[in-house]
Structure formats: C-alpha cells, structure tokens
There are 2 protein chains.
Amino acid sequence: MSDTTTADPITADPHLHEDGSLSRLTIDTIRTLSMDAVQKANSGHPGTPMALAPVGYTLWSQFLRYDPSTPDWPNRDRFVLSVGHASMLLYSLIHLAGIEEIDAEGHKTGNEAVSLTDIEQFRQLNSKTPGHPEYRHTTGVETTTGPLGQGCGNSVGMAIAERWLAARYNKDEFALFDHDVYALCGDGDMMEGVSAEAASLAGHLKLSNLCWIYDSNHISIEGGTDLAFDEDTGLRFAAYGWNVIHIDDANDTAALAKAIETFQATDDRPTFIVVHSVIGYGSPKAGSEKAHGEPLGEENIRITKRAYGWPEDKSFYVPDGVAAHFHDAIADRGGALRDEWEANFAKYKTAHPDLGTELDLMLADKLPDGWDADIPVFPADPKGLASRDSGGKVLNAIVGKVPWLIGGSADLAPSTKTDIKGAASFEPTNYGGTNFHFGVREHGMGAVVNGMALSHLKSYGSTFFVFLDYMRPPVRLSAIMELGAVWVFTHDSIGVGEDGPTHQPIEQLAIMRSTPGIDTFRPGDANEVAYAWRAAMENSGTPTALVLSRQALPTLDRDKYASAEGVLKGGYVLADSDGTPDVILIATGSEVSLAVEAHEKLAADGVKSRVVSLPSWHRYELQSDAYKESVLPKAVSARLAIEMAGELGWDRYVGLQGKTITMSTYGASAPLAKLADKFGFTVDNVFATATSMLENK
Amino acid sequence: MSDTTTADPITADPHLHEDGSLSRLTIDTIRTLSMDAVQKANSGHPGTPMALAPVGYTLWSQFLRYDPSTPDWPNRDRFVLSVGHASMLLYSLIHLAGIEEIDAEGHKTGNEAVSLTDIEQFRQLNSKTPGHPEYRHTTGVETTTGPLGQGCGNSVGMAIAERWLAARYNKDEFALFDHDVYALCGDGDMMEGVSAEAASLAGHLKLSNLCWIYDSNHISIEGGTDLAFDEDTGLRFAAYGWNVIHIDDANDTAALAKAIETFQATDDRPTFIVVHSVIGYGSPKAGSEKAHGEPLGEENIRITKRAYGWPEDKSFYVPDGVAAHFHDAIADRGGALRDEWEANFAKYKTAHPDLGTELDLMLADKLPDGWDADIPVFPADPKGLASRDSGGKVLNAIVGKVPWLIGGSADLAPSTKTDIKGAASFEPTNYGGTNFHFGVREHGMGAVVNGMALSHLKSYGSTFFVFLDYMRPPVRLSAIMELGAVWVFTHDSIGVGEDGPTHQPIEQLAIMRSTPGIDTFRPGDANEVAYAWRAAMENSGTPTALVLSRQALPTLDRDKYASAEGVLKGGYVLADSDGTPDVILIATGSEVSLAVEAHEKLAADGVKSRVVSLPSWHRYELQSDAYKESVLPKAVSARLAIEMAGELGWDRYVGLQGKTITMSTYGASAPLAKLADKFGFTVDNVFATATSMLENK
C-alpha cells in the first residue's frame, strides 16, 4: 500500500490530518502506545484506547483537577476507567501526565507511576501495567475495573463521598471538598444492571459532581450492538434524572470540552455525555469487533501509523514535547489548586482543630483514641437478642466516635438494624446525613460502598445474607482492592423461617469463606458481635462481613464460659470439661448456644466435651499451629460441627472421622422451631450425634 | 369505632362500596383471604395482595387463557408473580380459579392445587402455601419468585420461548403456540438491575407477547420510594422500546381491561402497564410501609373488613358464588381454547408427524433416540484443544438431534464457543434462530434461560466463569426449581492469563460445589467434556454447569488410561500403578493432564501413584461407599489434590494428612506459563510435593 492513496477511507478522514499540533501528537501518542503495547503483549484491547484518546486527552489536559506530584491529594478529581479492558488508555495517560509513584504509606518512591518500560511490559508478571487497572498496584488507578459496570457504581460512591465530606467538613471560607468524579463507560457498562442501579440512585441523589462519559461505539464482542442493545440510552438516563448531552464524534474535542463545561455548570443533577466513537479509530479494523480484544497485527499497525502520519517503524514512540505538554497542562492547574488546598487545610486545622484531626485520621484510615469506649458489654441473658439487634446496638455505639463510619441498607434497614438512631438520611436535601437508602439495589449498593471506601470513608452496606448473591462482584472486588468496607448480612440461615428456601442462605457462608482476603464473622452472641465489629473497625485493609441472625440468641454467661475476646483469633475454646475432651463440638453463630446446651447435657451424662466457637475461619487460619492445636487438638478425632449451612469446608475442622449437623439441601418455609426439628438443630440431636461418635470409637 | 362514621377516609372511598357484585365480592375475597392467612401465620405480606386484587381478578377472569383443569397445557398464558412476597395473591387466585393439582408426571391427583385448608396453613411446614411461590411445589405456580427481579427475567425467557416455539412448530393452519406472558412486578423489581437487563433485551427483541404490570405503590420497606427511587420508570421503558400505559388507580378495572386489550393489539413491542395502587388498600395502614411485611393485626382486620362491607367476624370466608364465578370465567374461555388446541394438535401430529413427535419429547423433557449419535470421540493428541473448544464441538454435534437445545452467550460467544455453526441468530426478524445474543447481561441471561427452561426448552447460557458472580441468583434458582438448564462457564482459572485477577476465578468452583442440587463438571480433556455434555443432556431435573478452560488441554490416550465414561460417576481412577498406590493425585480440569504427567514421572522414579479425575463432586458424592472406596481407598492417606482454584472443600478428599496445590490468593496478570510457575502448577512441583508426602510417612 502506498501512502499516496488519498482515496483510502482512513487517510481521507480529516481528523487524521489535523494540525500536527502537540494536542494532536499527544492524542496519537496515546493511540500508538496502546497499539504497540497490545501488540507486544500479544493480547489486550487496542480499539477503545484508540477511539477514546481524544476524550482522555481533553478531559485530563483541560479539566481534571489533579496534581501528578501528589496523586493522593484528597480533593483531586477522580477519573474512573470503567471500561477497564481499555487499560492502555489509562496507562498512557498516567505515563504522559508524569504521575509520580507513591507507596502504600503515601510516600514517594522516586519512580514514575508508569514508565515507558512499564508500558513495554504490559500484561507481564509483576509489571505496573496488568491487563486491567488494579487499585493499590499502580499509582493513579483510582479503582480496580474490568468486570463491567463496577467502575460506574464506584464512581457514584466517590461522588457520594465528596458530597458527604463537603457537607461535614467544608466550613464557610474553607471549601475543602469540591471535586468532581468522571467515569468513562462503554456499551458493556450500559448493559450491566449494576450501572442501571447506580445511575438510578445517582439521579435520585442529584449528584451534580458526577459525570459519566459513555463511549457509544456500536460494537460488542459478538458484533454490532444492534444484535442485543438498541435502546435509547440517553433517554433512559433522562428518565433517571440526569442531564444528557450527545457528541457525534469522539474526535470533536471542542464539543467535548463544551460538554464538560456544561457538566461543571450543572448544579442539580449528574451529567451523562454520550460520545459516538469509532473503535480502533484509524486502523483497517476500525468500526469492527475485531478491533476490540486482540492485537491489530504488525501490518495493520503500520497502516494505522501511516494514516496517523506517524513514523511507522517506531514503536513505543513519544515525540519530543508531548509528555511535557500534557504534564504541564495538568500539573500547572492541579499543582496550583493543590498548593492552595494545602495552605487552606493548614488554616482549617487551626480554625477547626477537631475536624482537622478527624480528617487526618480518616484520610490515614486510622481510628481515634477511645473509638471503642461506648461499645456495650452485654449481660448474660438466656433469652438474649438477635445478633442483627446486637449488631445495630454496637454500630450505634461506634458511630459517635467514628463519624465517618457511614452506610445503609438495600431497603432493609428496619430488618438489618443498621440505621443510626437520631441521625438524618443522606438525601439530596441533606448530604450530611449518615443513613443511606440504597434502594432495592444490592449490586449497586456494593459498588457504591466500595466507591465510598476508596475515598477513605469507613463505609458499610447491609442486606439479607441470601442476597449476597446479588452483590458478589463488588464483595469480591472489595477483597481484591483490600478495602476496609463492612458488609452486614442478616437473616443468616434457615432461621429466616417462613420466607422459605429462596430467602434462606445455605451456601453463602461457604461462598464467603472461599473468597480470599475477606474476614467473615458469624458471631454466636451479642458479645461476640461486639468483638466482630471491633475487628471490622480495625480491618483497614481487609473487608469484613458480619453474618447475623434474624432470631434471638441467648447472651452467654461469660463468667461461666470464656471471654468473647477469643473472636479476635477467629476461633476459641468457649466451654470445656476438665482434661482432654471426649468430643469437641464446633459451632458458629446461632448454633453456638445450641452447642453449649448440648455440652451441659453431655456433662450431666458424664461425657467430657469442649465447645469451640469458630466465628471467622479467615482469622483462625492465620493463627499459629500451636494455638490451633490448643483449640482443636489432633488427638481428639471425635469432632462434631453444627452449623445451619452447607457442609462444604467443614472437613478441615472435623476431619474424616468427624461428623457435621449441617444443611445438605435447601430449607423450607415454616416457623424456625419446626425447621430446627426437621433439620436436626436440636439439643437432643446434637447430644445423640456426639455420643454416637463415642460409641463408634 | 362505629360503622356509622361515614366521614372516615376509608369508608368514604367510593371503591369500597361498589355494587356488591360478584366481581367486587371476588376481589374482596382475595383481599380478605390474604389478610387472614398472613394474620394466622403471624408473618407475611398482606399489603400488596390487597392492593392488586383487582388487577389479578381482571387479568385472570377476563383475559388469561388458562384451563384450571389442565394447568400444564403448553399453550396456556403464563402469569408470573414477580412480587413473590405477595404470594397470597397467587394462592387466592389459584384457589378461587379451582386449579386442579397435577403431580410431577403431569397426572391429576384429584386434589385442589390450593384448598382453603392449604390457605389456612400459609407458611407452615409441608403446606402447599409456602412464604414465596415455589415451582413444582404448588400447581399453578409458573416459577419460583421472591428474590426480586427474577420473575421479570423469567417472563422474558417465557416470552422468548413462545416466540421460538411458534416459529419452529406453527405451520399454516396450526397456530400451536400463540400464548402471552404476564408478569406482575413491584417497585423492588424495578430497582433491581436484573429486570433492567431483561427489559432492555425484551425491548430489543420486540416481544409483543410480553406484558409487565408494574405495581407502583410508592412504598418500600424503609418508607416512601422517594427515599431512593424517583426515576420516571415509564419513560425508562419507553427508552427500552416498550409500549407504556399508565393507570391511575388499581381499582379501575375498566381501565386495566382496556390496557390489556391494548397490549393484545400491540404487535411490535412489549407492553409496560404502570398501575398506581395503594398498599394495604382499605386498611388503617393503607399507603404505609407498615402494610408491607407484617400482619395487619386483628383489630385492623376487623376495621378493614368493615370498610369492605365484609362480615368482620368471619375468617377465610368465601361468599357463595364467588369461586364458581371466578372459575367459570376462566374455565369457560380457557377450557374451550384448550379443547380446540388438543384437537388441533392431534391433527398436527398427522400432518407433521416428525414435529409432533419432537414436541411430545420436548414437552416430556425427554431426548430422542440416538440423540448422542454424533458426539465425537476425540483421538489422543498431546497438543489437544481447549475444553471450551471441545465443548463447542460437542454442543454443535448434539443440536442436530435435539433442536430445542438452544441458548447463547452474554456477548462472549466467540470466546465461549457456544455458537451453533450455520444457525441463525434469534432476532426480532427471525424468531426461529437458535443463537441467542443476550448482551453483556449475565444476570438477565440467567433469569431468561430459566424462563426458557420453564417452557421445556433445553436452554443454555454461557459466559466467563468469573462472571458467575454476576448471575448467582438465577443459577441458584435453577437448582431450587430443578430445571434442566445448562450453564457453560469458560475461562475457568488463572489459565485466563493476562486479563488478571479480576477475570481469574478462584472461589467460583467452591461456590458451585456448595450450591445444593447442581451438577458441576470441570472436565479434564475433550472426551471428558463429551461425557459432561451427555450428563448435562440427561440431567432433566437438575441444572448442569460445565466449567471449561481457555487454554488447550492434551487429549489423553484412552487406550493407555481409563475411559472417560467414568465422568458419569463424578470421579474415577484415570491412571494407576499396579497394586496399592503410595500416593493418590486428585485433579480436575486442566490439572488432570498435569497429574498424569506427574504420575508418569513418579512411575519412572519407582513411586506407585494413582490419578483420580474428579470432575463432578456432586455426582461422586451420590456414588456408593464401595465405589468411593475403590477410587479413594481409606488406606491411602498420602493424597495430593491439584486444582487451579481455592482449597475450600478439598479436605474431604485429601484428609487431614493430605496436601493440595491450589490457589490461596487471587491470581495475577501474566501469560499462563508464568502463572503456572509462580503458583506451582508444574510437573516438578507436583512431583516434589507428592514425594515429600512419602518421605513424611
């Protein structure tokens, strides 16, 4: 092919032969870096970075309030790449902006966040440039994206966080928080229900600091979006209460700039900018699904570079002046703003020392001294209370000391007991409220709570445990991102009773336990709940799940039995006989008191038994072998686990000689007492099963 | 309170003192049965049945084409109660319509599907009236609902099924399939993303046989919907391409009838009827969230009955003539249509014997003789092929014999390999197509595939295994409902490689294994895939999950090793040494060939080892103790499990003395070879670990 074939549809495109300006060069640098990195890795997604390079360029260079030297500046604008597969777009922007790397403690390492070498190592082991952007792994990445729709949801959480921070901390002359949140979304994001849930919530909340830029390229993996997706997305967002702006051509940077200006001037609702783009822009695969998820091929890259007016033999080429041009545009604006903010914040600390201290703690993911002073100790009480109720009491006791512990429920607060008493709701008319109404949107709630946590709020979301299934992706991402989010799951077993099998979790405990990096507690009584909440508060880099009962649980007599502090070790000996036990009963949650009752009955029968409460397998597995041996001595093989959930995983603790009283089927609709009888969760059955193991010995 | 207080807002409502006609009496019977049942059970949801009784009454008595004597008539209209918590509405309708009970084989039991006694046993153990409607449990319940949004999605699948059945089986004078699908949805349904996904798909597919009736009562559990949900839902559905109709008052049965007539006359898109209702209509709690999920209380029930002009001392009262009126209205219309259909189908079988036989088989959930004749046997091949590829080949080999095996992918067909070669797409212009494009909507796909299975199609849906997380609720429901759906999950491990941790399943195998009633296979080579697909086809009352690799797997030499038929037992001895093995290697999927390689290396080193392939734990656990002992003899405690997934559950097979090579963290972004090395999935590591266990003995 000759470069004189001007009739070629690529080279005939006027956008490809613009002014040769630095702006044009920068945009094409983003494109070519993306093409080259994917080609070298021999895998990845070149088409979207090529299409959206003008969008990224315009937004970052003209609008984003960001200081590349201080990527953790709390009031920076957030840029979320919800189309995480287009990671090379983000890596190119981070590289060209000259973002400086910081480590986990916020200290500069002296390295670039993403160097050109890193880009050449795209998708390689231990590189800074994994296939999808990973929070904590690469400085400048605001959230881990890739599973579609999650970044959209996170961005709503970030926008909520900004509104709340502004409401709480901004004072008269001190506008500490006034940043915006931008998310770049694609057709896949728009098809996923989680983004629909988050968008409806954002519209309701009138989050005018939120701007989604929707890359409408009419291409999906199977072919044109007309195969499955021809709704009027703009109209849908209007129905959600968003301001909707259409841009016909992603290359029209002037129109894009105008749209972002409109966003910034809109103060009563979020903004949705629909940008029509051509995937794989400028390449022979332009406008085709073949430009989406595979390298263009060496020859196509040559043709494309030629079309861009680019030196076709150069790979990973950044023309002189490009990086400086892009960096300066961002750093001049962002640096000045950040300087001003720092000075302002220093004054703020003098004017409002308490709030200043609070902010410092919050931003460092730390807790104030005495944060736990009001956590109640629950007196022994055979009637007791549901762990959802004790959970609510403990939560209410903590928020007074940790005001940034905020969250809510997916329309189940009266049942999950997570409302903060006397506190206002977070609503468009009161962004200082702390009770969040996420609506019947578990998935959206999960993504939003993650977004709030990414802004250093100690955020929580609650629903029934069985509805974990509706929000698995954000729960998993909270673990991958090592966020301190707290998931409150109530109605944790067949204890749900009459609502029946669809509402009775069976496998959800195994699901949580199988998920790496999350601390899941199923506490056995109110005092175990208190320790579980302590652990949740102290888990700053690990999400916590609190799995709580609907039904009342006796509050155990801790003078008679061991302290609930053992919860912090994940498992502990709660009740014991003298000497080596004949049998060990292991239980969690509502079955702990059942095990204790059986223990007493066994003792009366002359059988020596031990009760081990094992609320967090995650924590227990982190203990020393010596500790574990002291709790579950190898010499005792008669072990019985009792849990109103599926059996999977219990073999580890009961061994091949052990038994379990667990659920091997789904539950049923009936009052709990009937179900307990039907499925064997009775003192008599525990006693009989335990003694049968002794007879077999 | 006196019944002469005519100024009371309840008694002043003209709808409460209408004509005393049978229609009015029937509506109030539905209301009072619902109130009484919830009160007696002391739990449940009275408010929505009270609000929607006029809707249920009008739809069933005037429109639903349904024969109460033949509730499994294939061409019946479907009524889906997506608001499953309002189960008493459905039970009242079933009871008053006089639906006759049929058993699992379709035979009449001679009982009413729901008797008045059953209604008095609402939410009690073993009753026909569980808290939420359960498919297979109660005749007349078309799908299990309760988890919100699922019924909406199912209804789309049912409407798709009707379109496909009509396209394939209707011939000239034989309109065998022309039924409609109605779903009754609430605010919660509308907030859930799954319904948004399904609605967008339904609009795209122009399913004019689908009608959603949306009960807009402005109440959610936490309070008014204005706490979290004030979008313009009607406008949103217009954006999806639906016909939208508003009805101001749920009591306006004439307006409702007109709306349903409009639906029936609309032939180019689905219909969305927004009905404004008052929750707990007629009661002192009317219009309040307090009418949603708890009994009204004895005194409130008295007041309400008084307001209805009802005998306030009577409970579970069905006035004379009400049941006959309602039953006759439905049975006269539906019975005639069903009679006509039966006669028509008899003629059809003469005119189109092959299609008639096909339909008989399909409706009986049976397979034709020789259905498996074209399943290939894959020759030994060290290079082999990915199990997603062999899965695609086997699927393509079956569809020729089982034309109602239809499904598709959530926009990943080129990767999941589930496209049927040479087949058309199911699109609005061709409802006879068999390749389904569900869009990037895993959750919607799951609910739709369930809906298709509920109409006896052997339906499948495919995506990447990690995105199981996006569709957990319908996967669970497929198991609860005992559907024969097939879930094809590819990219099943860190074998995903460069896409990184967000795309690499770790815990998803444990999630599937912990879910009761689902047959999950992770086959080790192409011939194991073929047997797994055989099992999936024969699993008519159990869903199947096929967990398949992205990367190529060697096709094992079945002359040298055992037949892959052992897959049907869930686990089998694949390779063995003479005599009792020193060590047993247990593996699934891509790690089976790794285990075989290690076995050969161990043999060369004089170590006797056995390789057990364990593709389905579900099936293996159903085998006899003797069989299990023959595969995993208790005497051999040196056991090593190898699986590119989390460890949870493996203790059952390796025991406390065993070891595993599994994933204890999330994966990483890199080419698979690097990851295999990093995480220990190499022959050398398997060999070293296995021999270390022997040294320890």
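The values are calculated or read from the model by the stated rules, or taken from the named source; none is laboratory data. As the structure is a prediction and not an experimental result, all values here were calculated from the model. Here the Cβ positions follow ideal geometry from the backbone for every residue, glycine too, while neighbour counts run over all protein chains shown. Heads up: the accessible areas ignore ligands, DNA and RNA and are worked out on the full protein's heavy atoms, side chains in. Shrake-Rupley method; radii C 1.70, N 1.55, O 1.52, S 1.80 Å.
Among the residues of the range B:154-186, those identified as open to solvent by 10 Å² or more (accessible area, probe 1.4 Å), modelled with pLDDT of 95 or more and of a type in the set (Asp, Glu) are B:178, B:180. Of the candidates A:465, A:378, the single residue that is in contact with a Pro (Cβ under 9 Å, 6 or more places away or on another chain) and modelled with pLDDT of 95 or more is A:465.
Considering (1) open to solvent by 10 Å² or more (accessible area, probe 1.4 Å); (2) within 19 Å of residue B:160 (Cβ to Cβ), the lone condition that residue B:407 does not fulfil carries the number (1).
Does the range B:369-390 include one or more residues that are open to solvent by less than 10 Å² (accessible area, probe 1.4 Å) and either aliphatic (A, V, I, L, M) or part of a strand (DSSP E or B) (or both)?
Quick first cut of the range B:369-390, residues open to solvent by less than 10 Å² (accessible area, probe 1.4 Å) only: B:386-387, B:390.
Filter again for either aliphatic (A, V, I, L, M) or part of a strand (DSSP E or B) (or both), leaving B:386.
For the range B:369-390, residues open to solvent by less than 10 Å² (accessible area, probe 1.4 Å) and either aliphatic (A, V, I, L, M) or part of a strand (DSSP E or B) (or both): present.
For the range B:397-452, the set of residues classified as basic (Lys, Arg) and more than 9 Å from chain A (Cβ to nearest Cβ) consists of B:401, B:417, B:421, listed by residue number. Candidates B:544, B:588, B:580: the one that is assigned by TED's automatic domain parsing to the domain that holds residue B:621, of a type outside the set (A, V, I, L, M, F, W, C) and open to solvent by less than 10 Å² (accessible area, probe 1.4 Å) is B:588. Residue count for the range A:116-140 satisfying the condition of being away from chain B (no Cβ under 12 Å) and either of a type in the set (A, V, I, L, M, F, W, C) or not in a loop (DSSP other than H, G, I, E, B) (or both): 5. Reported count of residues in the range A:629-661, each being in contact (Cβ under 8 Å) with a residue 40 or more places away in the chain and within 8 Å of chain B (Cβ to nearest Cβ), is 3.
Any residue that is outside the structural domain of residue A:549 (by TED's automatic domain parsing), out of contact with any helix residue (DSSP H, G or I) (no Cβ under 8 Å at 6 or more places or on another chain) and of a type in the set (Ser, Thr, Tyr) - is there at least one of those in the range A:613-623? No, the range A:613-623 has no match at all.
What do you reckon, is residue B:285 in the same structural domain as residue B:24 (by TED's automatic domain parsing), open to solvent by less than 50 Å² (accessible area, probe 1.4 Å) and not aromatic (Phe, Trp, Tyr)?
Numbers: in the same structural domain as residue B:24 (by TED's automatic domain parsing): yes; open to solvent by less than 50 Å² (accessible area, probe 1.4 Å): yes; not aromatic (Phe, Trp, Tyr): yes.
Criteria met by residue B:285.
Consider residue A:502 carefully, then state whether it is closer than 21 Å to residue B:191 by Cβ and not assigned by TED's automatic domain parsing to the domain that holds residue A:241. Yes; evaluated as a whole, the condition is true for this residue. So which residues in the range A:530-553 are assigned to a loop (DSSP other than H, G, I, E, B) and among the charged types (D, E, K, R), if there are any at all? Answer for the range A:530-553, where residues must be assigned to a loop (DSSP other than H, G, I, E, B) and among the charged types (D, E, K, R): just A:550.
Residue B:471 meets all of the listed conditions (1) of a type in the set (A, V, I, L, M); (2) closer than 21 Å to residue A:442 by Cβ; (3) within 8 Å of chain A (Cβ to nearest Cβ) but one, namely (3). Scanning the range A:41-69 for residues that are within 23 Å of residue A:307 (Cβ to Cβ) and touching a strand residue (DSSP E or B) at 6+ places or on another chain (Cβ under 7 Å) returns A:48, A:51, A:52, A:55.
Go through the residues of the range B:550-559 one by one and say whether even a single one is within 14 Å of chain A (Cβ to nearest Cβ) and over 26 Å from residue B:638 (Cβ atoms).
So the first thing to find is which residues in the range B:550-559 are within 14 Å of chain A (Cβ to nearest Cβ), and the list is B:550-551.
In the following step, the residues that additionally are over 26 Å from residue B:638 (Cβ atoms) were identified as B:550-551.
Checking the range B:550-559: at least one residue is within 14 Å of chain A (Cβ to nearest Cβ) and over 26 Å from residue B:638 (Cβ atoms).
For residue B:664, state whether it is among the hydroxyl-bearing types (Ser, Thr, Tyr) and away from chain A (no Cβ under 14 Å). Taking the combined requirement at face value, the residue does not satisfy it. Residue A:680 falls short on exactly one of the conditions (1) touching a residue at least 24 places away in the same chain (Cβ under 8 Å); (2) away from chain B (no Cβ under 12 Å); (3) under 20 Å from residue B:514 (Cα atoms), and that condition is (1). Scanning the range A:229-282 for residues that are in contact with a strand residue (DSSP E or B) (Cβ under 7 Å, 6 or more places away or on another chain), open to solvent by 10 Å² or more (accessible area, probe 1.4 Å), in a helix (DSSP H, G or I) and more than 14 Å from every other protein chain (Cβ to nearest Cβ) yields a total of 2. Listed conditions (1) open to solvent by less than 10 Å² (accessible area, probe 1.4 Å); (2) in contact with a helix residue (DSSP H, G or I) (Cβ under 6 Å, 6 or more places away or on another chain); (3) at the interface with chain A (Cβ under 9 Å from one of its Cβ atoms); (4) hydrophobic (A, V, I, L, M, F, W, C) are all met by residue B:205, apart from (2). Remark: residue B:225 falls outside the filter, which requires a residue to be closer than 27 Å to residue A:408 by Cβ, crowded, with 19+ Cβ neighbours inside 10 Å, modelled with pLDDT of 95 or more and within 13 Å of chain A (Cβ to nearest Cβ).
Could you tell me whether the range B:665-679 includes any residue that is hydrophobic (A, V, I, L, M, F, W, C) and at pLDDT below 95? No - not one qualifying residue is present in the range B:665-679. For the residues A:104, A:166, A:161, the requirement of being in a loop (DSSP other than H, G, I, E, B) and away from chain B (no Cβ under 12 Å) singles out A:104. Of everything listed in (1) out of contact with any helix residue (DSSP H, G or I) (no Cβ under 8 Å at 6 or more places or on another chain); (2) over 19 Å from residue A:362 (Cα atoms), the single unmet condition for residue A:482 is (2). Looking across the range A:530-541, just one residue is open to solvent by 10 Å² or more (accessible area, probe 1.4 Å) and over 29 Å from residue A:135 (Cα atoms), and that is A:531.
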